[in-house]
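The next block holds one structure in the form of structure tokens; read it before the comments.
The values are calculated or read from the model by the stated rules, or taken from the named source; none is laboratory data. Keep in mind that what you see is a predicted model, and the values were worked out from it rather than measured. For neighbour counting, all protein chains shown are included, and Cβ atoms are generated from backbone atoms with ideal geometry for every residue, glycine included. When the accessible area is computed, the model is the full protein with side chains, heavy atoms only, and any ligands, DNA or RNA have been set aside. Shrake-Rupley method; radii C 1.70, N 1.55, O 1.52, S 1.80 Å.
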Amino acid sequence: KKLVVILKGNLGAGKTTLIKILAKKLKIKDKIISPTFILWRIYLFKLKSQKFQLNHIDLYRIKAIDLLNLSLKTKLNEKYNLFLIEWGEKLIFYLNRKKLKYLLIEIKIITKQKRIINLKWKK
């Protein structure tokens, strides 16, 4: 009932765009804005009548350890959370150490209009 998704890719690769598409599919009506300067935005949604939180986190301007100190450690253990973490490769060491499962989405820019997306499930 919890999913952690790490989005990895260069600036302009489309990490936030992918999150906007996912939010739209989840019927989130709020405008999805990159949390680069505030670090963390939470959006509520329902899935099969269960309430969930989409946690949109951007680690571009912060060290992962600082975010973990802000309560992410606690949140990662709660149910009914979807974590979409841009620049989340900064957290991989912590997730592996705690044996937390996550999906790694790596976006590579090929041209201005073309991307390659690789998905890896980490157990």
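Take ASP30 and tell me if it is free of Cβ contacts under 8 Å to residues at least 60 places away in the same chain, in contact with a Ser or Thr (Cβ under 8 Å, 6 or more places away or on another chain) and charged (D, E, K, R). First the steps, then the outcome.
Numbers: free of Cβ contacts under 8 Å to residues at least 60 places away in the same chain: yes; in contact with a Ser or Thr (Cβ under 8 Å, 6 or more places away or on another chain): no; charged (D, E, K, R): yes.
Criteria not met by ASP30.
Just checking: which of the strands (runs of 3 or more DSSP E) contained wholly in the range 13-123 hold 3 or more residues that are among the hydrophobic types (A, V, I, L, M, F, W, C), open to solvent by less than 60 Å² (accessible area, probe 1.4 Å) and closer than 14 Å to LYS2 by Cα?
Values: elements: 40-47, 50-58, 81-86, 102-111, 114-122.
Where strands (runs of 3 or more DSSP E) fall fully within the range 13-123 and carry at least 3 residues being among the hydrophobic types (A, V, I, L, M, F, W, C), open to solvent by less than 60 Å² (accessible area, probe 1.4 Å) and closer than 14 Å to LYS2 by Cα, they are 81-86.
Could you tell me which of the residues ILE6, ILE57 is among the β-branched types (Val, Ile, Thr), on the phi < 0 side of the Ramachandran plot and in contact with a Pro (Cβ under 7 Å, 6 or more places away or on another chain)? Walk me through it before giving the result.
Numbers: ILE6 fails: in contact with a Pro (Cβ under 7 Å, 6 or more places away or on another chain).
Among ILE6, ILE57, only ILE57 is among the β-branched types (Val, Ile, Thr), on the phi < 0 side of the Ramachandran plot and in contact with a Pro (Cβ under 7 Å, 6 or more places away or on another chain).
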